[in-house]
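Written out below as C-alpha cells is the structure these notes cover.
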C-alpha cells in the first residue's frame, strides 16, 4: 500500500497531536480543490496563522450583538429544533407532532418552507442594537441545520433566497450593519450537519408510525408531486452515509464533535462543499468577523479546510484594507492556537486576565427563539448582562450577546426592554468599557473567590456566586483607572481594598474620584486597609457603579 493511501485511511483515527506535526501537515495539504485562497502572508498551517494579531478595533469594541436567527426559530420552540424534532418522545418531538405532523411526513425541510420572515426589518433592529451600545453586529449565516441564509453559490437550492423567506438575509444584515457604521460578522455552524442530523435517519419505535423512517434519507426521486420536486433533500440533510457509533444514543457525543470516537468519517465531497460555501460567503459579504462553532477549526484534525479558510480570510482582509482587520473565533483552543485566532468561550467567561484578547458568546434566552422562555419571563436581566460585560472587559475580553429573533423577524417586547435598559446604562457609563485595557489585577470580591471553572468550551455561566457591590472590577484607559462595583451598597459607602494606601497595585496618591455618569467628584478616604468612597444619594442606578480614579 502506498504511503499516501495509508495516510488517507488513517486520517479519521490519527491522534490530533500527530496531525499537528509534520505528518499531519503533509496529509492535510494534499488536495486543494474549489475556491482559491487569497494570496498573502498567511498559509494554511497553525504555524503560519500564529503570526496573527488581534486588530485594535475589536479590542476597543468590547460589546457586540448577535442575531442567531434561522429557520429553527420558525417553530419558536427552542434550541436544536431541527435535530430534536426527530427524537421520539422528546418535548420538541411532541410539539412537532401537534403543530406540523409526523416527521416522516413533515420534516425539517418542510419547516424551512413554512418560514417567511415577513416582518424582518434589519435596519430597525441593528439601529436599536447600536443605540444599546453594540460596537459590532453578527448574524447567523448557517446553523447545524445546513441551510444557508444567503445567496449561496454552492448550496444553491437550500438557501434563503430560494426557499422560505426568499430573501438574502446576510446581505440585508450586512447592509444594515454598515449603514449604522458597525463592523459586520457572520457565524458558521454547518460543518456539523453530517453527524448532527443523523437523528433524521431514525424511525419511531412505538405507536402508529412505528418503523416508518423519518425524512432524513429522502432523495430527489422522492419529491415527485411535492413542493420540493426537483430538489434533493440530501443536499440539506447530508445523510447518505451509515450512522456513527452510538448514534442511537440521544445525547450528542462531544468527542464526535471533533470527528473522533467512532463518528462516521465525513466525505471529501461534504468537506469540499463546506469549504467552498464558506469562502464564497467571505468573498460575497466581506465580514469583519467570522465565528466558527467548532473546537479549533472546522474538520480539524481530519482535514485542513478550516486552516485554508482562515488563511483566505486573513489574506483577503490585508488585500482589501492594507492591514489585517478580520477576526476569527473558535473554541477550546490551546495556548498556541489562541495566537492564531480569537478564543471564544460559550456561555461562560475566563476567571482571570487573559494575555490575549478573547470573547464570550452568550444569550439573554436560548440560542433559537423559545416562546416558552418568553412566557416564563426567563430572559436575563439588563443588570445581569451589564455585570457580565464589566467582568469580561476587566479580563481582556469582549461580550457577544444574542438577542433571539422570532420566526417572523421581530424581537418581542420583553427582549426590547432588556436591550433598551442596557443602552441606558451604556449611554452614561460606556467610557469605562470602550477602548479600555486590563489593569494589573481584574478585581476583587467574593464572586471570583467562588467562581466556577470552565467546562469544555465554556458553560460556567451562572454557576458561581451572584455579583454584589463587594465585587469590584478594574479597567484602564491612559492614566485613568476605572473601578466598577457590580451593585450599589445600601449605606452609600463603597469599599475598595485593592486601592488601600501604599497598595502595590496603585502606590501613587489618589487625586480625585469621580462618579462617571455625572462626572461628579466624590468624597473619599484612603487608609492602610481600604479606599472608602461616599457615593451619591438617592441613586437608582443599581446595576453597576462606575468610578473614575485619577
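Each reported figure results from applying straightforward, stated rules to the coordinates on display, with no laboratory input. Keep in mind it's a predicted model, so treat the numbers as computed, not measured. Because the Cβ atoms are built from the backbone with ideal geometry, glycine has one as well, and the counts that use them run over all protein chains shown.
Per the helix-only calculation at 222 nm, which mean residue ellipticity applies to the chain, given -39500 (n - 2.57) for every DSSP H run of n ≥ 4 and division by its residues, nearest 500 deg cm²/dmol? That comes out to -7500 deg cm²/dmol. A simple spin-label model places the labels of residue 250 and residue 60 5.0 nm from each other, with each point 7 Å out along Cα-to-Cβ.
In this entry, the stretch 468-549 is assigned a mean projected area of 5.1 nm², taken as a quarter of its C-alpha convex hull surface. The distance separating the Cα centre of the stretch 176-214 from that of the stretch 318-345 comes to 26 Å.
Between helix 122-131 and the chain there is an angle of about 20 degrees, using the helix long axis and the longest principal axis of the Cα atoms. Taken as Cα centroids, the stretch 499-550 and the stretch 77-106 sit 55 Å apart, rounded to the nearest whole angstrom.
Each Cα pair under 8 Å and six or more residues apart adds its sequence gap; the mean of these over the residue count of the stretch 257-331 is a relative contact order of 37 percent. Taking Cα atoms only, the orientation of helix 382-394 departs from the longest principal axis of the chain by about 80 degrees. Sorting 42-49, 365-372, 413-420 by their mean Cβ neighbour count within 10 Å, with the most densely packed peptide first, gives 365-372, 42-49, 413-420. Between residue 90 and residue 217, the FRET efficiency from the beta-carbon distance, with R0 = 22 Å, is close to 0.60. Let's test the formula: R0 of 41 Å, r as the Cβ-Cβ distance of residue 118 and residue 283. What FRET efficiency results, to the nearest 0.05? Computed FRET efficiency for residue 118 and residue 283: 0.90.
Could you give the Stokes-Einstein D for the stretch 102-221 in µm² per second, using the C-alpha Kirkwood radius, 20 °C, 1.002 mPa s? Mind showing how you got there, number by number?
On the way: Rh = 16.3 Å.
Approximately 132 µm²/s, per Stokes-Einstein.
Dimensions of the stretch 363-426 from C-alpha coordinates, computed as largest minus smallest value along each principal axis and given longest first, are 36, 21, 21 Å. Once C-alpha pairs closer than 8 Å and six or more residues apart are averaged by separation and normalised to the residue number of the stretch 31-430, the relative contact order reads 26 percent. Each label was represented as a point 7 Å from its Cα along the Cα-to-Cβ direction; for residue 528 and residue 375 these points are 6.3 nm apart. Ratio of Rg to Rh for the chain: 1.00 [Cα atoms; Kirkwood radius as inverse mean 1/r over pairs].
Computed from label points 7 Å out along Cα-Cβ, the spacing between residue 441 and residue 476 is 1.5 nm.
To the nearest 0.05, what FRET efficiency results for residue 48 and residue 110 with a Förster distance of 51 Å applied to their C-beta separation? Approximately 0.70, to the nearest 0.05. Any idea what angle helix 413-429 forms with the longest principal axis of the chain, computed on alpha-carbon atoms, 0 to 90 degrees, nearest 10? The angle comes out near 40 degrees.
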